[in-house]
1. Identify, by number, the condition in (1) over 21 Å from A:Ala351 (Cβ atoms); (2) in contact with a Phe, Trp or Tyr (Cβ under 8 Å, 6 or more places away or on another chain) that B:Tyr347 doesn't meet.
2. Exactly one condition in (1) more than 7 Å from chain A (Cβ to nearest Cβ); (2) open to solvent by 20 Å² or more (accessible area, probe 1.4 Å); (3) under 19 Å from B:Thr77 (Cβ atoms); (4) in contact with a helix residue (DSSP H, G or I) (Cβ under 8 Å, 6 or more places away or on another chain) is not met by B:Leu245; state its number.
3. Just give me the residues in the range A:228-269 being of a type in the set (Ser, Thr, Tyr) and more than 12 Å from chain B (Cβ to nearest Cβ), in sequence order.
4. Among the candidates A:Asp141, A:Asp214, A:Asp203, which residue alone is of a type in the set (D, E, K, R), assigned to a loop (DSSP other than H, G, I, E, B) and out of contact with any Leu (no Cβ under 6 Å at 6 or more places or on another chain)?
5. Which residue pairs have Cβ atoms closer than 6 Å, lie 6 or more positions apart in sequence or on different chains, and pair a first residue in the range B:352-372 that is more than 10 Å from chain A (Cβ to nearest Cβ) with a second residue that is near the ligand (Cβ under 9 Å from one of its atoms) and at pLDDT 95 or above?
6. Just name the residue that is most open to solvent (accessible area, probe 1.4 Å) out of those in the range B:159-194 that are basic (Lys, Arg) and touching a residue at least 40 places away in the same chain (Cβ under 8 Å).
7. Would you call B:Ser30 surrounded by fewer than 19 Cβ atoms within 10 Å (Cβ to Cβ) and out of contact with any Asp or Glu (no Cβ under 9 Å at 6 or more places or on another chain)?
8. Quick check: is even one residue across the range B:342-354 within 16 Å of the ligand (Cβ to nearest atom), in contact with a strand residue (DSSP E or B) (Cβ under 9 Å, 6 or more places away or on another chain) and either part of a loop (DSSP other than H, G, I, E, B) or not aliphatic (A, V, I, L, M) (or both)?
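The values are calculated or read from the model by the stated rules, or taken from the named source; none is laboratory data. Since the structure is predicted, the reported quantities are computational estimates derived from the model, not experimental observations. Quick reminder, even Gly has a Cβ in these numbers, built from the backbone with ideal geometry, and neighbours come from all protein chains shown. The accessibility values were calculated without ligands, DNA or RNA, using every heavy atom of the protein model including side chains. Shrake-Rupley method; radii C 1.70, N 1.55, O 1.52, S 1.80 Å.
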Amino acid sequence: MIDGADLELFTRSLRHATDSSTGAALDAALDDLGWPDALADDPRAAVSILFGLQGGANATSSALDHVLLAALAPLTPFAPLELGGSPVAPATAIPPASNPLELGGNPVAPATAIPPSSGVGVGAGVGVVLPALGGWHPPGDLRGGRLAVAGLGTAGLAHRATAIVVARAGDKTVAVAVPTASLTLRAVQGVDPELGLIEVTADGLIVAVDPDADPLTGWTNAVALAQVALGHELVGASRTMLDLARIHALERVQFGRPISAFQAVRHRLAETLVAIEMAEALLDAAWLDQSPQTAAMAKALAGRGARTAARHCQQVLAGIGFTTEHPLHRYVRRILVLDQLYGAAQSLTAALGTELIATRQLPPLLPL
Amino acid sequence: MQLDAFRAALDAWLDEHQHDLVPDHAGVGSLDEQMAHLSKVKRLAFDAGWMRWGWPEAVGGLGGSTLLRAYLGEALTARDLVEPGIYSMTEVLAPTMIDYAPAELAAAMVPRLLRGDETWCQGFSEPDTGSNLASLSCRAARTDAGWRVTGQKVWTSLAQYSQRCVLLTRTGTPESAHKGITALFVDMDSPGITVRPIETMHGAPEFSEVFFDGVLVPFDRTLGEEGQGWSVAMDLLPFERSTALWHRAAYLHRRLEQLLGAAPAGSLDAADLGEVTQILYAFRARSRATQHRLDAGERLGPETSIDKVLVATAEQAVYDLVADALPAAVTIGDDPASERWRTGFLYSRAATIYGGSAEIQRNIIARRLLDLGNDR
Ligand SMILES: Cc1cc2nc3c(=O)[nH]c(=O)nc-3n(C[C@H](O)[C@H](O)[C@H](O)COP(=O)(O)OP(=O)(O)OC[C@H]3O[C@@H](n4cnc5c(N)ncnc54)[C@H](O)[C@@H]3O)c2cc1C
């Protein structure tokens with residue numbers, strides 16, 4: 001556990017890193033700060049603080065890949081993957097069961113031949129393919145030895161030699177390591193080009209899977225962790241939007257008084273804080289009860305709360321907030337995409353309701 | 001006593017005494033029946049010691065964490081043994097007595113409330129004073145014999161059952177606003193008090209008008225100092241927004257669970273149900289954190305307005321779902337089960353009114369939590 005003065009120092013260092021760098025530079029800074037070690041020591045502090053700050057600063061990093069690899073590593077059929085700082089997971093550690101053999105019918109280099117990554121920063125060498133937009137199901141589909149992939153990746157994926165694709169294989173879930181070069185990557189521009197998201201697809205990738213290999217059990221856990229991490233990032237972004245709108249409300253004068261004196265404005269900002277605190281309360285609960293259902297509910301509330309925050313803060317910032325001269329637009333863009341990763345508020349909520357109707361049982365309660 | 005041990009022992013006791021603790025009446029029952037039952041449950045729980053945990057020894061308690069009494073209320077509510085609104089009055093009024101009453105008075109009175117021997121009420125609102133509490137005008141004049149109280153309170157919950165009232169009075173000039181308010185602890189059988197129950201929308205005469213006609217209140221019944229009534233009220237409100245809300249979370253969870261059991265196939269909208277569940281669980285998570293802050297000795301303040309907004313939002317969301325999924329129960333059913341759903345639905349409409357309206361909570365959040373300054 002990181003606590004007391006250590007926690008304060010850790011937070012301050014991370015704040016400096018997220019405020020002053022983004023992308024590969026932030027990855028390098030996180031490596032220097034020992035964030036990957038912190039992730040192993042105290043996942044709650046490492047994830048909640050970093051992702052909150054990253055969201056607050058509108059920064060990007062490969063931290064999500066780290067979280068996913070950490071969640072999957074001990075449980076995957078391949079050898080545990082070393083996280084950043086340490087040498088790239090040697091490709092030889094990946095057992096033949098999950099070696100990619102051919103691409104589109106053509107023989108490809110066996111896994112043992114995957115060159116060490118030339119990527120920089122944490123998690124170099126191995127990345128994780130994220131579920132498709134709006135969803136939380138494995139991005140891969142493995143049938144008859146052929147792998148289809150429809151998912152997303154963080155900005156660093158293009159620099160990684162190996163991509164982990166979690167796939168459905170009949171009634172099992174398996175993890176397959178494939179050379180990133182065998183996947184089709186599209187650098188997404190979309191609503192938030194600065195996020196550097198990558199769209200990942202593949203069809204008919206031939207892979208050999210040992211039918212007796214243990215199924216992957218870490219996926220549910222990985223999804224839950226990703227949802228909580230993204231939830232903190234959304235909350236961080238929402239808090240910054242609220243700060244921006246609050247400062248504007250205090251400074252902007254109309255009708256002879258600051259607009260913060262108008263109750264309509266005050267209540268929008270109060271609504272925003274309620275939405276934020278509501279999501280944060282459930283994120284905290286998810287760390288305590290470690291229930292995947294709580295994590296999914298928290299992600300949904302964080303996504304919906306961020307949309308609420310964006311709506312109210314945009315209204316309070318009005319004209320200036322609609323320009324690219326003001327930073328608000330960055331956050332509005334970012335939260336639209338983050339809401340869609342590992343389950344959107346809308347899809348998670350509908351799925352929860354469907355499940356409750358089927359089981360007629362509410363999620364377990366965190367005891368007092 | 002630790003919470004885990006308390007929980008296990010209390011659960012066992014509740015299992016064992018289930019038969020004595022369940023209400024006799026079918027459905028919601030009349031308010032008279034509910035009140036009689038509440039007294040019985042409190043007495044049994046007090047005599048067995050449960051009701052005393054989490055309260056200071058000086059007022060007849062057994063000490064220990066406030067989490068213990070939070071759990072007691074949760075357990076009683078989750079088992080449908082008490083109605084949370086009337087049960088949780090204790091959580092609102094007893095802490096105020098402990099903090100502000102002369103020590104002997106608190107020691108003499110609080111055990112009666114805990115044991116269910118007495119009911120107390122909270123006389124704040126007046127015909128011309130709702131949200132703007134500082135404008136109250138019920139007058140207490142200093143005389144040689146004590147305070148002479150003249151004026152009127154309204155919507156005073158349970159006044160017609162109460163032996164005592166925590167009463168806010170005007171002791172300063174009419175313009176003194178929050179500075180000229182004094183809190184008194186008044187015996188409801190004092191000469192000059194008239195109580196007239198008011199019919200409410202949900203069917204139970206939950207509250208009353210209370211008239212004070214030259215009522216004499218001894219000086220030693222002053223809570224805090226003269227002119228300190230505003231602090232008494234402000235310190236009471238966070239209690240109204242903490243443990244009582246934790247009990248309410250248990251109640252709403254119970255109702256949502258019962259709705260899942262009762263709703264016919266096809267009657268529940270998945271997206272609505274999912275959203276209501278998320279809101280309820282978030283409210284409960286927030287309230288749980290507040291309970292732990294209280295236990296850690298933190299002083300609760302304006303941040304409990306968030307809890308209050310969430311409970312009102314959750315309660316209305318749960319019952320809006322009820323109205324959609326069980327329309328016949330809410331609108332035309334006349335059996336006990338329907339009545340219970342209907343009463344719950346109608347009562348949920350007040351969740352954004354009592355204890356500081358939804359708008360007042362947002363004003364507090366804007367002013368105190370967001371530091372947006374004055375609203376004019
Ligand atoms: C079931 C129930 C039980 C109650 N029990 C008690 C009790 O035990 N003891 C007691 O003292 N009182 C009790 N009350 C009264 C309750 O505290 C008041 O109803 C409440 O404070 C609101 O006052 P009001 O009804 O006069 O509404 P008003 O203050 O007249 O408000 C009317 C509307 O205007 C809005 N409004 C008012 N001021 C502002 C503002 N500054 N900004 C924005 N909007 C504003 C309000 O939000 C509301 O929507 C109870 C009420 C109910 C419904």
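1. For B:Tyr347, the exception is condition (2).
2. Result: B:Leu245 fails condition (2) only.
3. A:Ser238, A:Thr240
4. Being of a type in the set (D, E, K, R), assigned to a loop (DSSP other than H, G, I, E, B) and out of contact with any Leu (no Cβ under 6 Å at 6 or more places or on another chain) holds for just one of A:Asp141, A:Asp214, A:Asp203, which is A:Asp214.
5. Hits for this filter: B:Thr352/B:Ala358; B:Ser357/B:Ser131; B:Ile360/B:Ser131.
6. The extreme case among them is B:Lys179.
7. Considered against the rule, which asks whether it is surrounded by fewer than 19 Cβ atoms within 10 Å (Cβ to Cβ) and out of contact with any Asp or Glu (no Cβ under 9 Å at 6 or more places or on another chain), B:Ser30 comes out as yes.
8. Yes - at least one qualifying residue is present in the range B:342-354.
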